[in-house]
Amino acid sequence: MHSGTPDLLPILSRGKHRSPRKGACFMELVSYLAGERWSDHPKCTHPTLAHLCRAVNDHVGDAVRSRRLAPLTASVIGLTGDDPRVDAWIAQEAALTALAVASPDKQKMAALGLIASERFIGAYEGRPHTFSPHIEAALASAPRARDWALAFPSTVPGGSGGFGKRSAVTIVQVSVDAIAASTGPARDEVLVDLLERTIQRCTVWLGRPATQVTSAQWREVRALTVR
């Protein structure tokens, strides 16, 4: 997925940072490697994918963040595009994972996000009243959450732009929070697997290959982030 794991990994930390000397989160490191202005919202990555990266970054432990997440940063450089379904597909990946592992109360919100995403995709593709088989199967595995979520109005919120800017990122955040709260010692593994899987699928959805990062770039950013 990425251009090889470097020998010396950059150090990642939670939250937003004013400069590399103060620390770096996942997306701030992406902005540096992409040659953009230092930011946790670089233009080179799809906004909903970037939100997932930030959410996972802030929930995993320190060692996992630098060992497992840092090598993935190169893989999201250039992963962006205009297909509005990508927002919903990313939200679905997060909601599907949460539905499988979350507590019963939090499963309800995951099911609601899953249904909202599927309704948006269905409306875009001209099948507003049908769900994909894998979505039907996931919802069937949590029937109480499914029935609770289906009681909500079926209107797709906000149109394509509104769904991406508001609904999709909310679904991602709620789902990641639910996973982190429900999976105990397995939390980090589940979250990293979710991020790896979503990045890989985004390369297909967006039709973009992984970006190559040189050893020299890794050494440079390692020197910047080690304090």
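The values are calculated or read from the model by the stated rules, or taken from the named source; none is laboratory data. In this text, all values refer to a predicted model and were calculated from it rather than measured experimentally. Heads up, the Cβs are rebuilt from the backbone with ideal geometry, glycines too, and the neighbour counts pull from every protein chain shown.
Can you go through Phe163, Phe131, Phe152 and tell me which one is part of a helix (DSSP H, G or I) and at pLDDT below 95? Spell out the reasoning first.
Working: Phe131 fails: part of a helix (DSSP H, G or I); Phe152 fails: part of a helix (DSSP H, G or I).
None of the other options fit; the residue is Phe163.
Tell me the residue from Leu112, Leu96 that is in contact with a Leu (Cβ under 8 Å, 6 or more places away or on another chain), in a helix (DSSP H, G or I) and without any contact (Cβ under 8 Å) to a residue 60 or more places away in the chain, please. Working first, answer last.
On the way: Leu112 fails: in contact with a Leu (Cβ under 8 Å, 6 or more places away or on another chain).
When all the criteria are applied, what remains is Leu96.
Have a look at Glu36, Glu28 and point out the one that is modelled with pLDDT of 80 or more and either surrounded by 18 or more Cβ atoms within 10 Å (Cβ to Cβ) or not assigned by TED's automatic domain parsing to the domain that holds Val76 (or both).
Glu28
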Query raised in the report: If you take the residues in region 39-60 that are more than 18 Å from Ile171 (Cα to Cα) and of a type in the set (D, E, K, R), which one is surrounded by the fewest Cβ atoms within 10 Å (Cβ to Cβ)?
Result: Lys43
Requested in this report: Please find, among Glu136, Glu118, the residue that is among the acidic types (Asp, Glu) and within 16 Å of Ile171 (Cβ to Cβ).
Outcome: Glu118
